[in-house]
Amino acid sequence: AERARLAAGRGPGRTSDGHPVKLLLNIGSAADLRPGAEGVGLFRTEFLFLDRTTAPSFEEQVAAYAEVFARAESVIVRTLDAGTDKPLPFLGLPGEPNPALGVRGLRVDRLLPDVLDTQLDAIAEAARKTGAEAWVMAPMVTTTAEATGFAKRARARGIARVGAMIEVPAAALRAGRLLRELDFLSIGTNDLAQYTFAADRQHSALADLLDPRQPALLELIAMCARAGREAGKPVGVCGEAAGDPLLAPLLVGLGVTSLSMAPVCVPAVREALAGLTLADCRERATAALA
Ligand code: PEP
Ligand code: MG
């Protein structure tokens, strides 16, 4: 029966001894949705608006979000993640000498607060229209003050669950404090590695520093997972590491509660977890940390 379930590629992810691990999708639009996962763990909304030179209207945004809400069981929407390194022409952001360390992700709100207000309004409206429970998170959250401000604005609109991506080491170090303000965390290992090792995530000569098995990165992930366990709140991973069948068990062993990945990765991760006990996963995590 277990093999049939795996072959069908459906149902919750779990280890061979039944420990549940939510398997979720990373998508850029409704067109990326595929069956076989429990929902969407990262809806990268900037992909909807990449080539726009004018700001998407409230109505256009409602339509785009509602399409995903109507077709997926549960959806975590990430608010726009733009900057000079991820340009959205309609924002008209000024050039910067160090884009990765500059105004990107939630930081854009410092220059253009209306953009986030309109997006949160549109997400709330799309949830109302479809009867979905919206989960929303912000990219590049760095301080508790930023998380508090974001949560206040999202909750004022009736958004059900508010979280943050953990992509900056300062935020990982304060995960427990952040979870007093937030309902969940989602670890973006791509950026968290970049900022932990001070290594450009695009730089192939630095690949060893960006390897998710680096113990310093694993320590930060373990710290976030522990904070989640103590708060009784979900802490997932949505960076590329979550979709790697060799790394996924390690992340589960560190204590994360969900893995969100490109749809094509789900079957292999599901199978990898189904072949190991939770104790096996923990052993891998302990060995990697050592
Ligand atoms: C990450 O940084 O790990 C992440 C999931 O966000 P993105 O790759 O979109 O920056
Ligand atoms: Mg990121």
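Numbers at a glance
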{"item": "Segment E133-F47, extension gain: residue separation times 0.36 nm, minus the distance between their alpha carbons", "result": "28.8 nm"}
{"item": "Rounded Å value of the spacing that divides the Cα centres of the range 181-202 and the range 142-170", "result": "15"}
{"item": "Between helix 215-231 and the chain: long-axis angle, C-alpha atoms, 0 to 90°, nearest 10", "result": "80"}
{"item": "Between helix 58-71 and the chain: long-axis angle, C-alpha atoms, 0 to 90°, nearest 10", "result": "20"}
{"item": "Amide H partners (placed H, <5 Å) of V21, local residues excluded", "result": "G13, R14, T15"}
{"item": "Label zone at D32, where the point sits 7 Å out along the Cα-to-Cβ direction: the range 153-181 residues whose backbone N lies under 18 Å", "result": "164-167"}
{"item": "In sequence order, calculated HN-Hα J values of the range 277-290 (Karplus, 6.51, -1.76, 1.60; Hz; x Gly/Pro)", "result": "7, 4, 5, 4, 4, 5, 4, 4, 5, 4, 5, 5, 5, 7"}
{"item": "Separation of the A262 and L112 label points, Cα + 7 Å toward Cβ, nm", "result": "2.7"}
{"item": "Distant-in-sequence amide H partners of M137 (H built 1.01 Å from N, under 5 Å)", "result": "V77, R78, T79, G163"}
{"item": "Distance between the range 11-57 and the range 215-233 - C-alpha centres, whole angstrom", "result": "22"}
{"item": "Phi to ³J(HN,Hα) by Karplus 6.51 cos²θ - 1.76 cosθ + 1.60 over the range 89-95, Hz, x for Gly, Pro", "result": "x, 5, 6, x, 6, x, x"}
{"item": "Amide H contacts under 5 Å for I187, placed H, 5+ residues apart", "result": "I166, G236, V237, C238"}
{"item": "Taking H203, H19 and counting other C-beta atoms within 10 Å, the order from fewest to most", "result": "H203, H19"}
{"item": "Simple spin-label estimate for E96 and A207 in nanometres, 7 Å along Cα-Cβ", "result": "2.8"}
{"item": "Cα-based radius of gyration of the range 147-278 once divided by 2.2 N^0.38 Å, which approximates compact folds", "result": "1.06"}
{"item": "Calculated SAXS-style log₁₀ I(q)/I(0) at q = 0.15, 0.16 Å⁻¹ - the chain, Debye, Cα scatterers", "result": "-1.17, -1.32"}
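Every number here is computed from the coordinates shown, using simple stated rules; none is lab data. Keep in mind that what you see is a predicted model, and the values were worked out from it rather than measured. We place every Cβ from the backbone using ideal geometry, glycine too, and count neighbours over all the protein chains shown.
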